[in-house]
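Reviewing the structure listed below.
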Amino acid sequence: MNINLLKDSFLTIIEPTNIMLVVLGLLVGIFLGALPGIGSSMAIVLALPFTYFLDVLPAIAFLSTIYVGSAYGGSITAILFNTPGTPEAVATTFDGHPMSQQGKSKKALGLAISSSAFGGIFAVILMFSLASILSEVAFKIHASEYFALAILGMTVISALGTSNMVKAIISGLIGIFISTIGLDPLTATDRFTFNTLELMNGIDYIPIMIGAFALGEVFSQVTNNKPQNLNASSKLSQGVFKFKDFFVYKWTALKSATIGSLLGILPGTGGAIASFVSYGVAMKTDKNPEEFGKGKAEGVVAPETSNNAAAGVSMIPTLILGIPGSPTTAVILAALVLQGVQPGPQLMADQPILLYSIFLAMLFASVMTLVAGRAGVQVFTLLLKAPYSIIATFIIILSLLGAYATNNDLLNVWIMLLFGVVGYLMKIYHFSIASLILGIVLGPLMETSLRRHLLINNGEFLSLFHSPITVILLVISVLIIVVPIIMDKKKAKSSNSN
């Protein structure tokens with residue numbers, strides 16, 4: 001770690017404008033993350049239009065700290081109302097809400113705050129340690145390995161992040177097809193433009209993200225017979241939580257932070273998977289596993305530490321490799337490209353202060369979670385009284401503004417509305433919106449890497465297997481898809497035999 005570089009990055013991030021946006025991003029992330037149905041991806045999508053006129057560092061620092069805040073915010077409603085604000089907080093409901101019902105709301109929320117902060121700080125330390133190493137390794141990665149990495153990112157999110165793997169893969173393939181619309185990146189010939197000038201530059205994926213994530217969720221909630229309005233009349237219990245109480249569970253936190261970091265660095269995973277894995281490991285390694293699900297403190301510490309660690313570490317493949325570490329970081333990747341910054345190994349060499357400043361912004365946000373999280377809980381219970389009709393109107397207005405402000409083109413508004421309907425239908429029929437977006441984001445990388453490799457090797461597809469790294473990544477991708485299918489068939493046979 002370069003101390004001088006770290007010092008320069010620190011002086012950069014503590015400039016008044018930057019530190020103000022870090023604090024604002026954290027508060028916005030906690031608020032939007034706690035609102036059921038919004039989540040971290042939609043929170044960043046909704047905030048994206050406000051970054052169009054900012055410089056690159058303030059913009060990415062703002063979005064990154066929203067990510068940090070939303071990773072914690074989802075635990076508030078998970079604990080108080082048994083309604084996770086984000087997918088990452090689903091596992092927190094297992095023991096967090098039973099603790100609340102037992103009159104231990106403040107203890108559960110205190111553990112969630114402390115665990116989130118610990119997981120975030122752990123992740124940032126890893127980012128500082130691994131960024132330069134991974135950057136040097138990334139320079140040695142060739143086109144075939146980048147193609148295999150993109151395939152791995154798609155298969156991981158399709159196989160592990162959804163309930164229906166086939167539909168998730170179909171969603172990803174549709175996203176890849178959408179990414180091919182416009183001019184060919186190598187020959188500049190038009191593809192699927194139907195002689196329409198507006199489609200020559202392709203379809204901007206920002207309106208697609210806004211429509212599929214935000215508007216699709218609004219349509220889903222509005223057409224639901226029971227929209228997620230929460231009863232905020234219940235008061236917090238009077239139990240006291242002291243920060244030193246967190247250290248009672250230090251080994252659970254350390255173990256969960258390690259698991260979250262290992263899973264977070266894999267492209268396409270994210271905090272939701274990490275939280276479930278950590279919860280399962282904590283339960284299996286505990287002396288009293290039968291107490292889990294009944295209000296056990298470790299059941300809050302494990303998922304909250306893990307999902308925040310995974311959220312932070314997922315920025316490593318996003319920034320250093322240009323491969324989104326999660327669906328949420330895919331939106332941050334898009335924001336970087338909009339700012340004229342190309343993520344990848346060259347980023348460490350060309351703009352190290354930018355990279356380190358982003359890490360420091362996330363570190364400050366994790367530390368400030370301890371303060372802002374406590375203050376925000378009391379305020380948030382009042383905000384939850386707002387009916388979903390007001391929340392939906394707020395989301396729709398931001399979505400329309402965000403789509404139009406991308407490049408001041410009304411076509412993007414129509415695209416956003418179209419994919420709002422598409423996102424709604426995908427939710428109904430259980431297709432994966434995350435896979436669709438990852439397909440759109442990773443599609444150009446997959447295509448250009450594969451075609452560049454084939455051009456160098458005279459069109460020989462078998463040359464892909466000359467690289468051991470490519471072979472290993474492709475084998476892992478196949479196993480991720482095939483193993484669950486085999487396991488399901490074995491379970492079906494055993495159930496039929498019984």
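The values are calculated or read from the model by the stated rules, or taken from the named source; none is laboratory data. Given the structure is predicted, the values throughout are model-derived calculations rather than measurements. Virtual Cβ from ideal backbone geometry, glycine too; neighbours counted across all protein chains shown. Accessible surface areas use protein heavy atoms only, side chains included; no ligands, DNA or RNA. Shrake-Rupley method; radii C 1.70, N 1.55, O 1.52, S 1.80 Å.
Tell me which residues, restricted to region 127-148, are in a helix (DSSP H, G or I), modelled with pLDDT of 75 or more and open to solvent by 50 Å² or more (accessible area, probe 1.4 Å).
Restricting attention to region 127-148, the residues satisfying the condition of being in a helix (DSSP H, G or I) are 127-139, 143-148.
Now narrow it down to the ones that are modelled with pLDDT of 75 or more: 127-129, 143-148.
The one that is in a helix (DSSP H, G or I), modelled with pLDDT of 75 or more and open to solvent by 50 Å² or more (accessible area, probe 1.4 Å): Ser129.
Condition first: over 17 Å from the mean Cα position of the chain (by Cα), modelled with pLDDT of 75 or more and farther than 25 Å from Ser41 by Cβ. Can you find one or more residues in region 84-97 that meet it?
Yes - at least one qualifying residue is present in region 84-97.
Could you tell me whether Pro303 is closer than 22 Å to Ala434 by Cα, at pLDDT 80 or above and of a type outside the set (Ser, Thr, Tyr)?
Yes; evaluated as a whole, the condition is true for this residue.
Would you be able to tell me the number of residues in region 17-30 that are in contact with a helix residue (DSSP H, G or I) (Cβ under 8 Å, 6 or more places away or on another chain), open to solvent by 20 Å² or more (accessible area, probe 1.4 Å) and over 24 Å from Gln221 (Cβ atoms)?
First, the residues of region 17-30 that are in contact with a helix residue (DSSP H, G or I) (Cβ under 8 Å, 6 or more places away or on another chain): 17-19, 21-30.
After this cut, where a residue has to be open to solvent by 20 Å² or more (accessible area, probe 1.4 Å) as well, the list is 17, 19, 23-24, 27-28.
With over 24 Å from Gln221 (Cβ atoms) added as a condition, the list becomes 17, 19, 23-24.
Final tally of qualifying residues: 4.
With Ser114, Ser75 as the choices, which residue is modelled with pLDDT of 80 or more, open to solvent by less than 10 Å² (accessible area, probe 1.4 Å) and closer than 30 Å to Leu6 by Cβ?
Numbers: Ser75 fails: closer than 30 Å to Leu6 by Cβ.
Going through Ser114, Ser75 in turn, just one is modelled with pLDDT of 80 or more, open to solvent by less than 10 Å² (accessible area, probe 1.4 Å) and closer than 30 Å to Leu6 by Cβ: Ser114.
Specify which of the listed residues (Ala334, Ala311, Ala302) is of a type in the set (Gly, Ala, Ser), in contact (Cβ under 8 Å) with a residue 12 or more places away in the chain and farther than 16 Å from Gly120 by Cα. Full working, then the answer.
Numbers: Ala311 fails: farther than 16 Å from Gly120 by Cα; Ala302 fails: farther than 16 Å from Gly120 by Cα.
Just a single option satisfies the conditions, and that option is Ala334.
Restricting to region 332-353, give me the number of residues that are open to solvent by 50 Å² or more (accessible area, probe 1.4 Å) and assigned to a helix (DSSP H, G or I).
Residues that pass the stated criteria total 6.
Name every residue in region 165-183 that is farther than 16 Å from Gly423 by Cα and modelled with pLDDT under 85, in order of residue number.
Selection gives Met165, Val166.
Residue-wise test of (1) under 30 Å from Leu197 (Cβ atoms); (2) surrounded by fewer than 18 Cβ atoms within 10 Å (Cβ to Cβ); (3) touching a residue at least 24 places away in the same chain (Cβ under 8 Å).
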{"site": "Ala403", "(1), (2), (3)": "yes, no, yes"}
{"site": "Leu411", "(1), (2), (3)": "yes, yes, yes"}
{"site": "Phe419", "(1), (2), (3)": "yes, no, yes"}
{"site": "Leu445", "(1), (2), (3)": "yes, no, yes"}
{"site": "Arg452", "(1), (2), (3)": "yes, yes, yes"}
{"site": "Leu479", "(1), (2), (3)": "no, yes, no"}
{"site": "Lys491", "(1), (2), (3)": "no, yes, no"}
{"site": "Ser495", "(1), (2), (3)": "no, yes, no"}
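If I filter region 279-293 for residues that are assigned to a helix (DSSP H, G or I), open to solvent by less than 30 Å² (accessible area, probe 1.4 Å) and at pLDDT below 80, do I get at least one hit? Lay out the reasoning, then the answer.
Going residue by residue through region 279-293, those that are assigned to a helix (DSSP H, G or I) are 279-285, 289-291.
Then keep just the ones that are open to solvent by less than 30 Å² (accessible area, probe 1.4 Å); that gives 279-280, 282.
Narrowing further to those that are at pLDDT below 80: 280.
Taking every residue of region 279-293 in turn, at least one turns out to be assigned to a helix (DSSP H, G or I), open to solvent by less than 30 Å² (accessible area, probe 1.4 Å) and at pLDDT below 80.
Can you name the residue in region 31-70 that is open to solvent by 10 Å² or more (accessible area, probe 1.4 Å) and of a type in the set (Val, Ile, Thr) and is also nearest to Leu319 (Cα to Cα) among such residues?
In this case the residue turns out to be Val56.
For region 198-218, enumerate the residues that are under 18 Å from the mean Cα position of the chain (by Cα) and open to solvent by 10 Å² or more (accessible area, probe 1.4 Å).
Matches in region 198-218: Tyr205, Phe213, Glu217.
Considering region 3-16 alone, what residues qualify as being open to solvent by 80 Å² or more (accessible area, probe 1.4 Å) and touching a residue at least 24 places away in the same chain (Cβ under 8 Å)?
The first filter runs over region 3-16 and keeps only residues open to solvent by 80 Å² or more (accessible area, probe 1.4 Å), leaving 3-4, 7, 10-11, 15-16.
The one that is open to solvent by 80 Å² or more (accessible area, probe 1.4 Å) and touching a residue at least 24 places away in the same chain (Cβ under 8 Å): Phe10.
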